[in-house]
Amino acid sequence: MASETAQGSFWMPPEASTFAGDVDALFDFIYWLNVFFFVAITGAIVYFAIKYRRKSDDQLATSQVGHNTLIEAAWTFIPLLIVIAIFVWGFRVYLDQSVAPDGAYEVKVTAQAYAWSYTYPDGRVEQELVVPEDTPVKLVMASKDLLHSFFVPDFRVKSDVIPGRYTTVWFEAKDPGEHIVFCTEYCGSGHSAMMSKVVVKTVPEFEEWLKSSGPPDGMSLADWGAQLYTGAGCAACHSVDGSQRVGPSWKGVFGSERKMAEGPAVKADENYLRESILQPLNKVVAGYPPSMPSYQGQLSDAKIDALIEYMKTLK
Ligand code: CUA
């Protein structure tokens, strides 16, 4: 049952999930209600200011104290009805968004500075959230370190991701396509790079994908590594052109002698690089803070191989 994903407008991203339209309808209602009252109230102020302005220098002020029960009742009860309507409407949309349908496909989301990873029911861990279309997907989310926030504008889905506690969201994507995931809680120097993708596939394509491992079709290991460099969040702290970031640049790292903060120098071979990804605090390069999070359990062996292959190309 494929439906057309409504295109985004100048103001709004596309409505790519089943409840995006409900969220936008409520937003539009509140927006136009505000426009209406802004024009009506400001218009009345301007009209009365002109109509009742002081017309001559010797005009005396007269008492303005008056009372009209009908008008006062109207401007109390009409707004009351409007805010009750907004509350009921908003609460319904909120409940729809909060409670995932029974049997939703569940994916675990892990946030860490500065990357997202997605763990599937069979244990595979991905850097992109791949989901089937027309299927409710529930995300159970937690953070490894500090406060992040998971935001997919095209789905109108947003929730804080907190250490030591699970938060959940769900959505049903309407059509195959790609959508951006943002971190929308300022979490440190790499916050703006903490992005990932939702890839919506047709159900048969998704099932095919679930069985696959290794690089996408026709992609070399090094090219896959280049993709993971941004996808897995490495780019937040490591440049590939020799420029300074939080961690050492990857340019020329493979095969080089690394001076350690403690202990003897180490040659950056495959084993050293693998260890630095999985247990980054074992060997910290001199001059850099010991701040890299461990990627243990976040990257498959095939992906670590791909990252190392990519580093080898950065001469
Ligand atoms: Cu994570 Cu901002």
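At-a-glance table
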| read-out | value |
| --- | --- |
| Prolate/oblate/rounded label for the range 221-313 (Cα gyration tensor, a/c 1.5) | rounded |
| Calculated over the chain: convex hull of Cα atoms, volume per residue (Å³) | 231 Å³ |
| Highest to lowest packing among 117-128, 142-153, 196-207, scored as the average C-beta count within 10 Å | 142-153, 196-207, 117-128 |
| Accessible carbon and sulfur surface of the range 105-211 relative to its total accessible area, %, 1.4 Å | 54 percent |
| Mean Cβ count within 10 Å, highest first, over the residues of peptides 175-188, 302-315 | 302-315, 175-188 |
| Using a Förster distance of 22 Å, the FRET efficiency for residue 259-residue 294 (Cβ separation, nearest 0.05) | 0.50 |
| Net charge dipole size for the chain [Lys, Arg +1 and Asp, Glu -1 on Cβ; Debye, nearest 20] | 1200 debye |
| Average projection area in nm² (convex hull over Cα atoms of the range 33-190, one quarter of hull surface) | 16.9 nm² |
| Whole-number percent relative contact order across the range 63-167, with pairs defined as alpha carbons under 8 Å at least 6 apart | 19 percent |
| Surrounding net charge for residue 28, when Lys and Arg each add one and Asp and Glu each subtract one, Cβ distance under 15 Å | -2 |
| Residue-level accessible surface for residue 250, protein heavy atoms, 1.4 Å, Å² | 20 Å² |
| Loop-resident sites, the range 216-286, for GluC sites (Glu not before Pro), counting at most 16 other Cβ within 10 Å (DSSP) | 262 |
| Filter on 108/283; 108/174; 211/251; 144/312; 174/303 - keep pairs with C-alpha separation over 24 Å | 108/283; 211/251; 144/312; 174/303 |
| Summed residue charge, Cβ within 13 Å of residue 149's Cβ, Lys/Arg positive, Asp/Glu negative | -1 |
| Of the DSSP H helices in the chain, those whose Cα atoms cover at least 27 Å axially and whose Kyte score averages 1.0 or more | 20-51, 69-98 |
| Centroid-to-centroid separation of the range 256-300 and the range 81-101 [C-alpha atoms, Å] | 50 Å |
| Per-residue ³J(HN,Hα) for the range 254-267, Karplus 6.51 cos²θ - 1.76 cosθ + 1.60, θ = phi - 60°, Hz, x for Gly and Pro | 5, x, 7, 7, 10, 7, 9, 4, 9, x, x, 5, 10, 7 |
| Calculated FRET value between residue 61 and residue 36, using beta carbons and R₀ = 41 Å, to 0.05 | 0.80 |
| Residue 165 - accessible surface, heavy atoms, 1.4 Å probe, Å² rounded to 10 | 140 Å² |
| Listed residue (155, 307, 21) projecting farthest to the positive dipole end of the chain, Cβ model | 307 |
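The values are calculated or read from the model by the stated rules, or taken from the named source; none is laboratory data. Owing to the predicted nature of the structure, the values given are computational and were not obtained by experimental measurement. Because the Cβ atoms are built from the backbone with ideal geometry, glycine has one as well, and the counts that use them run over all protein chains shown. We work out accessible area using only protein heavy atoms, side chains counted, and drop any ligands, DNA or RNA first. Shrake-Rupley method; radii C 1.70, N 1.55, O 1.52, S 1.80 Å.
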